Amino acid sequence: MADEVVLLDFDLSMFCIRVKIALAEKGIKFEDKEEDLVNTKSALLLQTNPVHKKVPVLIHNGKPICESLIIVEYIDEFWKDNAPLLPTDPYQRAQARFWADFVDNKVHEVAKKIWTGKVEEHEAEKKELIENLKQLEEVLGDKPYFGGDTFGFLDVALIPFYKWFSTYEKVGKLKLDCPKLIDWANRCLERESVSTFLSDENDVYEFVLSHRKRIGVD
Amino acid sequence: MAKEYGEVQLFGVGGSPYARRVRIALEMKGVQYTYFEEDLRNKSDLLLKYNPVHKKVPVLVHNGKPLAESLVILEYIDDTWGNHPILPQQPYDRALAQFWSRFIDDKCLPAITKAAFTANKEERDNSAEESLEALQFLENELKHKFFGGETIGLVDIAAGFIAFWLPAIEEAVGLKLLSCEKFPKLHKWGQEFTNHPVVKENLPPRDKLVGFFKARYASITASK
């Protein structure tokens, strides 16, 4: 019996992109259901993610899984014979999880404060964002990917944010200093899974500008 | 025995629910470890060396390699020592366990903390509402004796805060969230959890904890 894989999606969501990249890396076909998050959330979204009411939600043979990093791990475990994303060594796995959390809490959450707020009130966050991306460069080191020689979990976790960097700079009036991450990102973009699903950076910028107008900070 | 486990060190603070999680997991699996009590007002050089990113406890160091963030540490412990597993085997059940333990850390604990320790009454009341909603999700999720089934698992260990720290906070600040009328299953679970033989040995002294929370509450309300 064929697997039924449905993704409740929002095109510009970095979190949804993580899931799409993971599915593509594993060659899993899925039905992509785009949510209209600006207006109303679908009944299916509210039913499958009553706790957070957010995308992405992966529905696998009728069973929902929520939270992007948890979904990526699930995809990795369920379809484990193909393109492994998490390392097998427990310590390396823990490090990948730790830094993926860091991307969520110390890159995304920090940047979000800047692009959803009055920029002049967030000098501390601007400094933190620049430092935290430099920290990730140190984690990458001289490896081609965060996963080492192969594209892995932490690469999937971070790469969707790459197309937000120019928006962070324009909206935040800041200058990121992470040339190694740019090289890494371009290497990732050579993969079909990444180039297919990564956002266009102008679309990201337009989205953020209209969001800022809508919430009244611009 | 010692050779099998390697050298395990844990940096923690007696009152920290996050550090206690790690101790429970290690002791359930019978892993020998050396414990270092930190003074958070005067963090040790070792702690700062092992957790330069967050500078927090708990930190687990296994054969010289450090790990931080309690849920990451718990999964590492389960990956490394296979006896008494705290995570389910099946990918879907594992994903659910990871989901609920993150829910506890990302939604429950912050809401409860804000409901108790915020100077502004309106914010406190809003957070109390959020806390009740969060507790209701957990109440609905509890289908057996423990979240992990018949034995305690990742979600139970993560929810330890609700079983022991929350009642201490409630006593210290005069808040009532976890009532047995509203949350009969969660209330009963809390008692089973704190009476579990390994957990019982790994809880901080209650009166000290209440005292700590009373002082915290006083400092917040005094600065009004």
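The values are calculated or read from the model by the stated rules, or taken from the named source; none is laboratory data. Model, not experiment: these values are computed from the prediction. Cβ atoms come from the backbone with ideal geometry, glycine included; neighbour counts cover every protein chain shown. The protein model used for the area step is the full one, side chains on, heavy atoms only, and it has no ligands, DNA or RNA in it. Shrake-Rupley method; radii C 1.70, N 1.55, O 1.52, S 1.80 Å.
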Calculated [θ] (222 nm, deg cm²/dmol) that DSSP helices of n ≥ 4 give over chain B, each run adding -39,500 (n - 2.57): -16000 deg cm²/dmol
Any chance you could tell me what percent of the C-alpha pair distances in the stretch B:1-129 go past 22 Å? 46 percent
With every atom except the alpha carbons ignored, what do you get for Rg and Dmax of chain A, in angstroms? 17.3, 56
Mind pulling up the Rg/Rh value for the stretch A:8-48? Radius of gyration and Kirkwood radius, both on Cα. 1.00
Given a Förster distance of 35 angstrom, what is the FRET efficiency for residue A:183 paired with residue B:150, based on the Cβ-Cβ distance and rounded to 0.05? 0.10
By its C-alpha gyration tensor, with a ≥ b ≥ c as the square roots of the eigenvalues, how is the protein assembly as shown shaped: rounded for a/c under 1.5, else prolate for a/b larger than b/c, else oblate? rounded
Kindly provide the pair-distance distribution of the stretch B:157-216 built from C-alpha pairs, with 10 Å bins from 0 and whole-percent values in order of increasing distance. 23, 52, 25, 0
Take the Cα gyration tensor of the stretch B:101-150, multiply each eigenvalue by 5, square-root it, and list the three semi-axes largest first, rounded to whole angstrom. 25, 10, 7
Given B:113, A:40, A:148, which one lies farthest toward the positive end of the charge dipole of the protein assembly as shown, if we put +1 on the Cβ of every Lys and Arg and -1 on the Cβ of every Asp and Glu? B:113
With 20 Å as the cut-off, how large is the P(r) tail for the stretch A:6-115, expressed as percent of Cα-Cα pairs? 44 percent
What's the average, rounded to a whole number, of partner chain beta-carbon atoms within 10 Å of each residue's beta-carbon in B:61-72? 3
Row for the stretch A:55-170, column shape: gyration tensor on C-alpha, a ≥ b ≥ c, rounded if a/c < 1.5 i.e. under 1.5, prolate if a/b over b/c, else oblate; value oblate
If the convex hull is drawn through the Cα atoms of the stretch B:98-224, its volume per residue in Å³: 94 Å³
Between the stretch A:189-218 and the stretch A:50-79, how many Å separate their Cα centres? 23 Å
Rounded to the nearest 20 debye, dipole of the stretch A:1-134 from Cβ charges on Lys, Arg, Asp, Glu: 160 debye
Determine by what factor the alpha-carbon radius of gyration of the stretch A:128-169 differs from 2.2 N^0.38 Å, reporting the quotient. 1.19
Residue farthest toward the positive end of the dipole of the protein assembly as shown, with Cβ of Lys/Arg at +1 and Asp/Glu at -1: which of B:193, B:87, A:186? B:193
Rounded to the nearest 10 Å², what accessible area does residue B:194 have for a 1.4 Å probe in the complete protein model? 30 Å²
Buried solvent-accessible surface, both chains (B, A), 1.4 Å probe, Å² to nearest 100: 2300 Å²
Diffusion constant of the stretch A:101-218 at 25 °C, which comes from Stokes-Einstein with the Kirkwood Cα-pair radius and 0.890 mPa s, µm²/s: 166 µm²/s
By the scheme Lys and Arg +1, Asp and Glu -1, what is the net charge of all other residues having a beta-carbon under 12 Å from that of residue A:26? -2
Karplus couplings for the stretch A:32-45 from phi (6.51 cos²θ - 1.76 cosθ + 1.60, θ = phi - 60°), rounded to Hz, Gly and Pro as x? 9, 10, 7, 8, 9, 6, 6, 9, 10, 7, 6, 4, 5, 5
In whole angstrom, how far apart do the alpha carbon centroids of the stretch B:72-132 and the stretch B:188-224 sit? 17 Å
Checking a compactness column here: for chain B, what do you get for Rg(Cα) / (2.2 N^0.38 Å), N being the number of residues? 1.02
Note down the magnitude of the dipole of the protein assembly as shown about its Cα centre, charges +1 on Lys and Arg C-beta and -1 on Asp and Glu C-beta and zero elsewhere, to the nearest 20 debye. 1280 debye
Taking Cα pairs under 8 Å and at least six residues apart, what relative contact order does chain B come out at, in percent? 19 percent
